[in-house]
Each structure stands twice: as C-alpha cells, then as structure tokens.
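Reviewing the structure listed below.
Bear in mind that the values in this text are calculations on the coordinates, not laboratory data. What you are looking at is a predicted structure, and each value in this text was computed from that prediction instead of being measured. All Cβ positions, even for glycine, are placed from backbone atoms using ideal geometry, and neighbour counts span all protein chains on display.
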Amino acid sequence: MSVLVTVTIPCDTDAFLAVAAERADDMVAISGEGRDQGAIHHRFAIGDGVVVVFDEWDSAESFQGFFADNAAIADLMQAAGASGPPEVAIYEAIESADAF
C-alpha cells in the first residue's frame, strides 16, 4: 500500500511562485528524480504564508530517502523564501468505496 505525504513549508508564496516559474526546469528534474525513487503523484498548493506539497509514494522509506539531505530541494526552498523547517507528515493510504 502506498503512503500519502504532506510537506508544509512556511514561505513567501509570491517568491515561491516566482521561483516555480523561473526555475521550472530544476523543479522538473527534481520531480523526475522523485519518480525514479518511488513517487507516484506530486502537487503543490499555497495558503496564507505556506506552501504545501501533496505527494503519494510507494513507501515512507522511499520518500524519506529522497527528501533527506536533498541539496536541490533545499536550494529551491531557500530561493523561494522558506522561513523555517518543513513539517512532514506521512499517512498510510487506504482503499475505500468512495475513492476517485
């Protein structure tokens, strides 16, 4: 069974959007590395002073191996104005009759 991962980053969302546009190639490269290591789905959202990552991975260990000490991710977070450490939560995905 896969896991669902949220990563919440306190961040200047305008700076994040600018970095996402200016460094799209870097983000695509990181995404490709993630897929190679077990990522199934990936999406960003922004809120009031936060950027949230919503991922699905084949296992918690795959995500943790990818995310731990990843210099490219750290560089993008710094460029995007991250103002604190990310908060990571990992959940076991379950099947339910109403899923889509």
Averaging sequence separations of C-alpha pairs under 8 Å and six or more residues apart, then dividing by the length of the stretch 7-100, give the relative contact order as a whole percent.
44
The orientation-averaged projected area of the Cα convex hull of the stretch 4-100, in nm², is 6.5
Helix axis angle, 24-36 relative to the chain longest principal axis, alpha carbon, degrees:
30
Quick one: net charge of residue 26's neighbours, Cβ under 12 Å, K/R +1, D/E -1?
-3
Using only Cα atoms, locate the centre of the stretch 23-58 and the centre of the stretch 69-100, then give the distance between them in Å, rounded to an integer.
7
Highest-first arrangement of 51-64, 83-96, where packing means the average Cβ count within 10 Å:
51-64, 83-96
Could you give the length gained on full extension between residue 72 and residue 91, defined as 0.36 nm per residue of separation minus the Cα-Cα distance, in nm?
4.4 nm
